[in-house]
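Everything on this sheet refers to the single structure shown next.
The values are calculated or read from the model by the stated rules, or taken from the named source; none is laboratory data. Here the structure is a predicted model, which is why all the values come from computation and not from measurement. Here the Cβ positions follow ideal geometry from the backbone for every residue, glycine too, while neighbour counts run over all protein chains shown.
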Amino acid sequence: DAMVIQNPRYQVTQFGKPVTLSCSQTLNHNVMYWYQQKSSQAPKLLFHYYDKDFNNEADTPDNFQSRRPNTSFCFLDIRSPGLGDAAMYLCATSSKGLRQPQHFGDGTRLSIL
Amino acid sequence: GEDVEQSLFLSVREGDSSVINCTYTDSSSTYLYWYKQEPGAGLQLLTYIFSNMDMKQDQRLTVLLNKKDKHLSLRIADTQTGDSAIYFCAEIHDNDYKLSFGAGTTVTVRA
């Protein structure tokens, strides 16, 4: 059974039109992460939540925001998507404590028209 | 530049062993991970090892760690077509949550 679930698997939006990607988890993990992965590259961390504490990476564009209304759900909001934001977006979770392994969802492939 | 480096491509014949290599940064205390990514999918955690270990085996997978050279390898025995994927080496430092990934090794299994 899937433990980190991302919806939708494929998302198409228009240039400049806000889009929201969702992630849910059944692991009851404290930490949730959002990564951006472009073709033939490693995933790049955008931000993570430790419980309700939000931690933004220094080079994450302001265009990207996140919400975590409860332990199970986390959302990635892209306010005004540009062509360069087309990518695979991966959600991951880990339990409390440093160095815990991260468990990934299957990702959402975002296309920008 | 990246802290974790990997060879980019590996081609292996079905039934042979695959060895994927990785080097990592200097740290006295680090966890090292191997993830597998199939086309269009997320990352699947394969195995991980703490930097005070030399080896870890899990079924067809063997992880070897050379701390002196900061070199990590993943050996897949009896490689199957389903092993074709990108394999990422990653590390987390002792006081951090962030995974530092290598660029990924694309493994192609040929009949």
**OP:** May I ask you to say which residue of A:Val12, A:Val4, A:Val19 is among the β-branched types (Val, Ile, Thr), modelled with pLDDT of 95 or more and closer than 27 Å to B:Val107 by Cβ?
**Re:** A:Val4
Original post:
What about B:Gly15, is it out of contact with any Leu (no Cβ under 7 Å at 6 or more places or on another chain) and at positive phi?
Top reply: yes
**OP:** Go through (1) more than 11 Å from chain B (Cβ to nearest Cβ); (2) touching a Gly at 6+ places or on another chain (Cβ under 7 Å) and name the single condition A:Ser24 misses.
**Re:** (2)
Original post:
Of all residues in the range A:79-98, which are in contact with a strand residue (DSSP E or B) (Cβ under 9 Å, 6 or more places away or on another chain), more than 14 Å from every other protein chain (Cβ to nearest Cβ) and surrounded by fewer than 16 Cβ atoms within 10 Å (Cβ to Cβ)?
Top reply: A:Arg79, A:Gly82, A:Leu83, A:Gly84
Subject >> Verdict on A:Pro101 being facing chain B (nearest Cβ under 10 Å) and part of a loop (DSSP other than H, G, I, E, B) >> reply: yes
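Counting only residues that are closer than 18 Å to B:Glu14 by Cβ and either within 11 Å of chain A (Cβ to nearest Cβ) or among the β-branched types (Val, Ile, Thr) (or both), how many does the range B:99-111 have?
Within the range B:99-111, residues that are closer than 18 Å to B:Glu14 by Cβ and either within 11 Å of chain A (Cβ to nearest Cβ) or among the β-branched types (Val, Ile, Thr) (or both) number 5.
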**OP:** Determine which single condition A:Val12 fails, assuming it passes every other condition in (1) more than 14 Å from chain B (Cβ to nearest Cβ); (2) part of a loop (DSSP other than H, G, I, E, B); (3) on the phi < 0 side of the Ramachandran plot.
**Re:** (2)
Original post:
What pairs can you find where one residue is in the range A:36-51 and under 19 Å from B:Asp3 (Cβ atoms), the other is among the acidic types (Asp, Glu), and their Cβ atoms are less than 7 Å apart, with a gap of 6+ or different chains?
Top reply: A:Leu45/A:Glu57; A:Leu46/A:Glu57
Subject >> In the range A:33-42, the residues that are farther than 21 Å from A:Leu113 by Cβ, modelled with pLDDT of 95 or more and within 11 Å of chain B (Cβ to nearest Cβ) >> reply: A:Tyr33, A:Tyr35
Subject >> Selection count where residues are within 13 Å of chain A (Cβ to nearest Cβ) and either modelled with pLDDT of 95 or more or crowded, with 24+ Cβ neighbours inside 10 Å (or both), scope the range B:71-98 >> reply: 6
Original post:
So B:Gln37 clears everything in (1) touching a residue at least 60 places away in the same chain (Cβ under 8 Å); (2) of a type in the set (S, T, N, Q); (3) surrounded by fewer than 16 Cβ atoms within 10 Å (Cβ to Cβ); (4) within 14 Å of chain A (Cβ to nearest Cβ) except one condition, right? Which one?
Top reply: (3)
Original post:
Would the range B:41-48 turn up any residue that is farther than 23 Å from A:Leu98 by Cα and away from chain A (no Cβ under 14 Å)?
Top reply: no
Subject >> Out of A:Leu45, A:Leu76, sole residue that is within 13 Å of another protein chain (Cβ to nearest Cβ), buried (at least 18 other Cβ atoms within 10 Å of the Cβ) and either of a type outside the set (Val, Ile, Thr) or assigned to a loop (DSSP other than H, G, I, E, B) (or both) >> reply: A:Leu45
